[in-house]
Amino acid sequence: MPFLDRRILAHFNWSLLLLLLLLAGVGILNLYSAGTLRQDQGVTTAFYYQKQLYWLAIGFLAILFIIPFDYRHLKAVVWPLYGLTLFLLVYVLGYGTAISGATRWIDLGVASFQPTELAKVSVILLCAALLARMPGPLSWKDLGKILILVAVPVAFIMAQPDLGSGLNILMLAGGMLLFKGINRRILFTFLVGIPVLAPITWFFLLDYQKQRILTFLHPQRDPLDAGYNTIQSKIAIGSGQIWGKGFLEGTQSQLRFLPAKHTDFVFSVFGEEWGFVGCAILLSLFCFFLYQLVVVAGTSKDSFGAYIASGVFFYFFWQIVINLGMVLGLMPIVGIPLPFFSYGGSSTLINCILLGLVFNISMRRYIFTRE
Amino acid sequence: MHESDPYEPSSKGYLLLISLVVGLFCLILLRLWHLQVLQGREYAKEAEQNLLRERSIFALRGLIRDRDGEILAGNRPAYALALVREDCRDIQATLTRISDWTDITFQKLEERYNSRKSRVKPFKPLILIPSLTFSELSHIETRLMNWPGLQIITRPQRHHPLAPVFSHLLGYVAQPTLQELRDNPSLQLGDTIGKRSLERALDRKLRGNKGKKILEVDAQGRVLKERIVAESEPGRTFRLTIDADLQRHIWREMGDKSGAVVVMRPNSGDVLAMVSKPGYNGNAFVEGISEQKWQDLLNNPRDPLRNRVIQGTYPPGSVFKLVIASSALLRETIPIDKELHCPGYYRLGNRVFRCWKKGGHGDIAFQEAIKQSCDVYFYKLGEKLGIDAISDYARSNGFHQKTGIILPNEHSGVIPGREWKLRNIGRSWQGGDTLNTAIGQGFTLVTPLQISRYVAALVNGGHLLKPNLLTESEPSQQGRLPLSGESINFLLESMRVTVEEPHGTAWRLRTQNATIGGKTGTAQVIKLKEEQRGADTETIPYRFRDHAWMASYGIRGKQKYVVVALVEHGGHGSSAAGPVVKSVYDYLFP
């Protein structure tokens, strides 16, 4: 069978592509605004949006590169990929380059590379391959096997320390398990067990992580330092009111009240400038986008593809939930970006690669019907 | 080809994903509605006002009072002009305008702005002018509203109302250095800390703790509301043992002489006055002293920055005979009634050591030798004692060590010995060195405070007390003179006759209705040539003139005082230092 015949192209998921282009486009516009600062003298604009454009271009090339190969070949490489991930994660702990206190990067000369991003892909693929072979609903044994395989890279990632990515991977794997279906009794045990065990994890958190949780619980505890971000973000978004202040008109962000406004808190800039109406539209776009991923997961013609799609779904879902929850003051501050909005090369690229897989699965959903 | 994989999507899983998306949509939409529609107006208002800023509430620096409550170090309001960069629309124009308002050039202001901007956090005021005059203040205050970002900050500023009389006692406060800022996170630019003397020694307690307030400000930086998060705690007030009137009296009496005067209560170690001249104006440092003035202070040949009471080290001259005599009494080197002959000189090997009295004192006994300060008697005594006994005794009774007074940077002085000379001079001890030491010349160096403490110990029955400046401190004994009561009385009596009997060198101190004892001293600055010795003080250049000492005690009833004076380049002890000490007794025993 040729790599790309006409039928496959005909089944290309144009609505997902459209949503991706819309989100990325709005994201770039918003980054342009977020980079605008009122400095000592006059207004200057940072170049985040330009760099983000370059990375998006690379991401689209990656999608084009991924689409032709039948994703089912990937089953053969899930284990080597997992092994490589572990090796790189260990390597980065020992030899990585530290940026703002965390060792996450491998310097490749021309660009830096975060093995954490690779871990996201390899965990999704490994879980999908394993789940496809397991009879559902999951038993204790199967569940334990997957959880251990996921926990090892997550532990390395959290040791970097990168709480956000670690949580993201853990939660996307958990989502995939739920999607597969878990024995009712086991599910019940977890529902009871996690609230009981959660306080114990407190002792494993680093000081700044504890600080964030405490600050979330009492934002006024420290209104000018840790709680500052949440309060400022709420003020920025709230002050947008119904119609927003207009593009490039956000005073809160231009006056530098907003922290990390081109990365984790980028949505605050959007909320201030576009108001409730703009936010509602953007939220709808995100939800349609997620819905498209659900459709792919639901219509895939083999379970491996369905699980990959569900993994990608959860990857984006948790990021959106946690980031918006944090920015809107519903959750503690965890460093998780908003897909397509937050500035970040590696994450933009990995977003595209994962979507490339989904396109790949989506295009091939009819190939089995002929046989 | 891949194997066929008849896959039925799990309807439960599908449903789960759909409901998660719907749930996300509803939750976030609700929250957005809540923030942007329901509370939107309040947030918009807060955003307009541009919010919360943190400010320190300055803690009032603790007062320093004299023993009767008179304020020696207090605070007065100072008005600083500061700039909040983020509120300022045009920094160049604003600085130009400030330069119009004041005498400060634009270049100077810009230089201050550039050097300080990296050390001030965003939205915090950067102080451009630490202290405005009243005319500048009223002029600027009315125009402030047109210049967003500018603000006047009222701060308490340290003020020493009686500077320079108390300059060496109080020291001064000044802006912290970069290093001090780094070491002490509670300090910020614009704060002051104690840098010298008591202001430094008591700094941590005087400083108190700053408070914190949260300001709500609008887009122009105008304060709308303030909320105090933590009250400031003012620094502690200290009361000194010093009598400010006496201190001023001595300051006046000293005229423009350089020197030091200490008045002490022998029974408690309380210091009633501590004058060191010349002084300086401690208030000049508060806002940062100009480079020119600082260089002037540093290069002034009279060294106004030196607290001569604790940092001036001088040869004690004949005052040291009290220490030699003590050592001799302790060791019973000589019967006190045995007379030695003074022909006016003493020959050691081929060197001749002279007595200050050209014709000599003839046959002279111990007490008379102290009274007339006979050098030859003490050459002989010193030779009998030997340098080891002398330096052992002096070092273990308060010399060659700090007195431990609360003031920083005290000097310990020098009592030479064989080992000391070898280490510091590089030559071995000679017999002549012992003779010089016996009359307080040569290598021996003492501070006026050490002498005061020694005399105080004689008067109080042998207790070496730590000189004390704070009324709250209990007397602290650091040692005991190893002398018998009899010996101590002999020394006190010798000092008394020095004042009260004919031919006594300290006769100037005679005061009615009070028992005064004294010992004069003349500390050689350089070895004067033979023909200059005995010449009139006025004919010798100032810097070659001898230092004049007077160590004394005064008793009337229960009142007991020790007064020690040193006048630099004053010539003879009695004539230069005597009148100052006498005026102190006139003040103390009116």
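With the contact rule set at Cα under 8 Å and sequence spacing of 6 or more, what percent relative contact order holds for the range B:403-477?
It comes to 33 percent, rounded to a whole number.
May I ask you to list, by number, the DSSP H helices of chain B whose Cα span along the axis is at least 30 Å and whose average Kyte-Doolittle hydropathy reaches 0.5 or more?
B:11-32
Treating only the Cβ atoms of Lys and Arg (+1) and Asp and Glu (-1) as charged, compute the dipole magnitude of the range B:100-175 about its Cα centre; round to the nearest 20 debye.
460 debye
Just to be sure I follow: if Rg is taken over the C-alpha atoms of chain B and Rh is the Kirkwood radius over the same atoms, what is Rg/Rh?
Radius of gyration relative to Kirkwood radius: 1.22.
I want the antiparallel fraction of DSSP beta bridges within the protein assembly as shown, as a percent rounded to 5.
95 percent
Under 8 Å for C-alpha pairs, at least 6 residues apart: give me the relative contact order for the range B:9-124, rounded to a whole percent.
18 percent
Mind jotting down the distance between the C-alpha centroids of the range A:119-178 and the range B:102-123, whole Å?
The range B:102-123 and the range A:119-178 have Cα centres spaced 56 Å from each other.
From Cα pairs below 8 angstrom and at least 6 apart in sequence, can you work out the relative contact order of the range B:404-562, rounded to a whole percent?
Reported relative contact order: 17 percent.
Search the structure for amide H atoms under 5 Å from the amide H of B:LEU126, placed 1.01 Å from N in the peptide plane, and list their residues when 5 or more places away or on another chain.
B:LEU83, B:VAL84, B:ARG85
Got a sec to turn the phi values of the range B:256-265 into Karplus ³J(HN,Hα) couplings, 6.51 cos²θ - 1.76 cosθ + 1.60 with θ = phi - 60°, whole Hz, x for Gly and Pro?
9, 6, 8, x, 9, 9, 10, 10, 9, 8
How fast does the protein assembly as shown diffuse by Stokes-Einstein, in µm²/s, taking the Kirkwood radius from C-alpha pairs at 25 °C and 0.890 mPa s?
69 µm²/s
What residues have an amide H closer than 5 Å to that of A:MET134, excluding those fewer than 5 places away on the same chain, when H is modeled at 1.01 Å from N in the peptide plane?
Placed amide hydrogens put nothing under 5 Å from A:MET134.
Using the Cα centre as the reference, give the magnitude of the dipole from point charges on the C-beta atoms of chain B (Lys, Arg: +1; Asp, Glu: -1; all else neutral), rounded to the nearest 20 debye.
That gives a dipole near 720 debye.
Any idea what the dipole of the range B:53-239 comes to, in debye rounded to 20, about its Cα centre with Lys/Arg Cβ at +1 and Asp/Glu Cβ at -1?
580 debye
At each listed q (0.19 Å⁻¹), what is the log10 of I(q)/I(0) that the Debye formula gives for the range B:53-239 modelled as equal alpha-carbon point scatterers?
Once normalised to I(0) and log-transformed, intensities are -1.36.
The numbers here are math on the coordinates, done by the rules we state, and not lab data. Keep in mind that this is a model prediction, so the values were computed, not measured. A quick note on method: Cβ atoms are made from the backbone with ideal geometry, for glycine too, and the neighbour counts reach across all protein chains shown.
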